[in-house]
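Below: the structure, in structure tokens.
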Amino acid sequence: LGKGMLVPGSEVSRQADRIFRVLSVGHVKPGKGGAFVQAKLKCVLDGTIVPHKFRSAETVETVDLDPAEDYSLLYTDGGLVHLMHGETFEQIEVPREAFGELAVWLRDGMSVRVASRQGVPLLFTLPPRAAYEVVETRLG
């Protein structure tokens, strides 16, 4: 495992069919035995978070994603989010769960950057700033 291979935000493949995003990394030197890297990984397909210990002799396959492209959020329909490519006008449907914690911030018409691999949308980035309207709040 080379220095700097696992950094938060990078994508790695731990199994042949699953791609993970690195959430956190910590270098551990126990009293006995060799040092290892403790990482928290999130599967980009189903959102499951798994801890994993990487030994220094392990190899990690980094995943090359296609360049992120701009899409517009057309509307959400139940559990699906409908996006349209800004240049080709191609429309795609993505399960709302694929956005994970970002799903609460989705609004019609907003711009969404989509990174895919082999035509499958995997990672979504929302704008760093957006205007929202507060419709209800508690007193106090």
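The values are calculated or read from the model by the stated rules, or taken from the named source; none is laboratory data. These numbers were taken from a predicted model, which means no experiment stands behind them. Here the Cβ is made from the backbone with ideal geometry for all residues, glycine too, and neighbour counts use every protein chain on show. Please note that ligands, DNA and RNA were not included when accessible areas were found on the heavy atoms of the full protein model with its side chains. Shrake-Rupley method; radii C 1.70, N 1.55, O 1.52, S 1.80 Å.
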Task: Residues satisfying the stated conditions in region 7-29, i.e. surrounded by fewer than 14 Cβ atoms within 10 Å (Cβ to Cβ), modelled with pLDDT under 85 and not in a strand (DSSP E or B) - done: 7, 8, 9, 16, 17
- [ ] Could you tell me whether any residue of region 75-86 is surrounded by fewer than 11 Cβ atoms within 10 Å (Cβ to Cβ), over 21 Å from residue 43 (Cα atoms), of a type outside the set (Phe, Trp, Tyr) and out of contact with any Leu (no Cβ under 7 Å at 6 or more places or on another chain)?
- [x] yes
TODO: Output the residue which, of all residues in region 42-71 that are of a type in the set (Ser, Thr, Tyr) and not in a loop (DSSP other than H, G, I, E, B), is nearest to residue 125 (Cα to Cα).
DONE: 71
Task: Long-range neighbours under 7 Å by Cβ, at least six apart or interchain, first residue within 14 Å of residue 122 (Cβ to Cβ) within region 80-95, second small (Gly, Ala, Ser) and at pLDDT 95 or above - done: 83/72
- [ ] Say whether the condition of being modelled with pLDDT under 90 and assigned to a loop (DSSP other than H, G, I, E, B) is met by at least one residue in region 94-115.
- [x] no
Task: residue 128 vs. criteria open to solvent by 60 Å² or more (accessible area, probe 1.4 Å), in contact (Cβ under 8 Å) with a residue 24 or more places away in the chain and in a loop (DSSP other than H, G, I, E, B) - done: no
Task: Close pairs from region 20-31: first closer than 29 Å to residue 65 by Cβ, partner assigned to a strand (DSSP E or B) and at pLDDT below 85, Cβ under 6 Å, at least 6 apart - done: 20/12; 20/14; 20/43; 21/11; 21/42; 23/42
- [ ] Consider residue 62 carefully, then state whether it is in contact with a helix residue (DSSP H, G or I) (Cβ under 8 Å, 6 or more places away or on another chain) and open to solvent by 40 Å² or more (accessible area, probe 1.4 Å).
- [x] no
